[in-house]
1. In a GNM of the chain with a 10 Å cut-off on Cα contacts, which of Gly303, Gly229, Gly32 has the highest mean-square fluctuation?
2. With a 10 Å cut-off between alpha carbons and a GNM built on the chain, which of Asp244, Asp101, Asp21 moves the most?
3. Within a 10 angstrom radius of the beta carbon, how do Arg340, Arg323 rank from fewest other beta carbons to most?
4. In whole Hz, what ³J(HN,Hα) sequence does the stretch 152-164 give by Karplus (6.51, -1.76, 1.60; θ = phi - 60°), x for Gly and Pro?
5. Got a sec? How would Leu160, Leu297 order by Cβ neighbour count within 10 Å, fewest to most?
6. Over the Cα atoms of the chain, each weighted equally, I'd like the Debye log10 I(q)/I(0) at q = 0.10, 0.13, 0.14 Å⁻¹, rounded to two decimals.
7. Note down, for the stretch 52-105, the three equivalent ellipsoid semi-axes (square root of 5 times each alpha carbon gyration tensor eigenvalue), biggest first, whole angstrom.
8. Spelling out what I want: for every residue of the stretch 64-81, take phi, set θ = phi - 60°, compute 6.51 cos²θ - 1.76 cosθ + 1.60 (Karplus), and round to whole Hz; glycine and proline get x.
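Please treat every number below as a calculation from the coordinates, not as lab data. Every value quoted in this text rests on a predicted model; they were computed, and no experiment measured them. All Cβ positions, even for glycine, are placed from backbone atoms using ideal geometry, and neighbour counts span all protein chains on display.
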Amino acid sequence: MTTSTQTATFEAAESLARCRDLVQPALRATVGALDRDLEMRCGFALGWWDSDGRADGHGTGKGLRPALALLGAQAVGAPPDTVVAGAVAVELVHVFSLAHDDIMDGDERRRHRPSLWKAYGVGTAVLTGDALLALALGALAEAPGERHGEAARLLARMLLDLVGGQAADVAFEDRPWTGPRAVTLAEYRHMAVRKTGALLGCSAAIGAALAGAPAGVVAGLEEAGRHLGLAFQAVDDVLGIWGDPSVTGKPAFGDLRRGKKTVPVLTALADPRGGDRLAELLSGERTGPEVRQAAALVAEAGGRAAAERMARHHLDAAVGGLRGLGLAEPAAAELIAVARSLADRRQ
């Protein structure tokens, strides 16, 4: 890692920490209004404590989405503390989506500990996710000022995209690896811009919308956030195969074991040298030896490199979009630093 990259990463970490400190009291107050049992489950989903209510040291994540909301508002000249409700809303929606995604994907681990459904059961996890979504909507409704309408429209559009993207991702699992019904890279990108891009797009724009920024600026922030979401998804695709389990908190080669159709895999399947063998491996039981061999084939066929190129392309598009909006400094620089940090993340 170069000195400039280290400096940018440090600056991004400082921005994320500052935004977390601003959002956490409001987030805790929002969840704290629930009855005790539901508060406990929501707090577990947010990473505040273990299933017995004890702090477990695993933390609450980087707080990327609320940071985008606060920095987006600051970049249009609004004090970040005036749009905390928007930041709370996008974080709660994010955690809601993870709770439901883990059930659909059968993921038993998240952040080095049991996922919500594994800790409490499927039914309880579904209801906890529903509660988190309701809290998000309530938080936004309680935001100060008179700009709720555009922010609510952003949130509603994002939720519809997120659900549609997740539905497409689930449907991909039942489609063949090869042949006329195989998933294409274009279909995958369309899914990812909805499933992942929509939430980051909303996060980047919602604070500015609450602050009353011009419609063109709000739309530009949303578009930049969607590009950032595609970059985030591409990095996630790499980590889903080659990520270090001690860092990611998930099993090695997890996406291959589950048969996920991701950018590295779809790219490799199109390679004439090893695509057929890869399809054969992925159509089988996908145990330890098979997934290790599949991961090697994907890398040899350029799948990992393709995902890394996709991440860089959409990151550059996001940064270029942000620079073209005439945003206020130093928040604009912080926003770009946070965006760039995604390309170097390891979890």
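1. Per the Cα network of the chain with a 10 Å cutoff, Gly32 tops the list.
2. Highest fluctuation of the listed residues: Asp21.
3. On the way: Arg340 20, Arg323 12.
Ranking Arg340, Arg323 by Cβ neighbours within 10 Å, fewest first, gives Arg323, Arg340.
4. The phi angles translate into 5, 5, 4, 5, 5, 5, 4, 4, 5, 5, 4, 5, x Hz.
5. Values: Leu160 12, Leu297 22.
Lowest to highest Cβ neighbour count: Leu160, Leu297.
6. -0.59, -1.01, -1.16
7. On the way: eigenvalues 139, 42, 16 Å².
Calculated on Cα positions only, the semi-axes equal 26, 14, 9 Å.
8. Result, rounded to whole Hz: 4, 5, x, 5, 4, 5, 5, 5, x, 5, 4, 6, 9, x, 9, x, x, 6.
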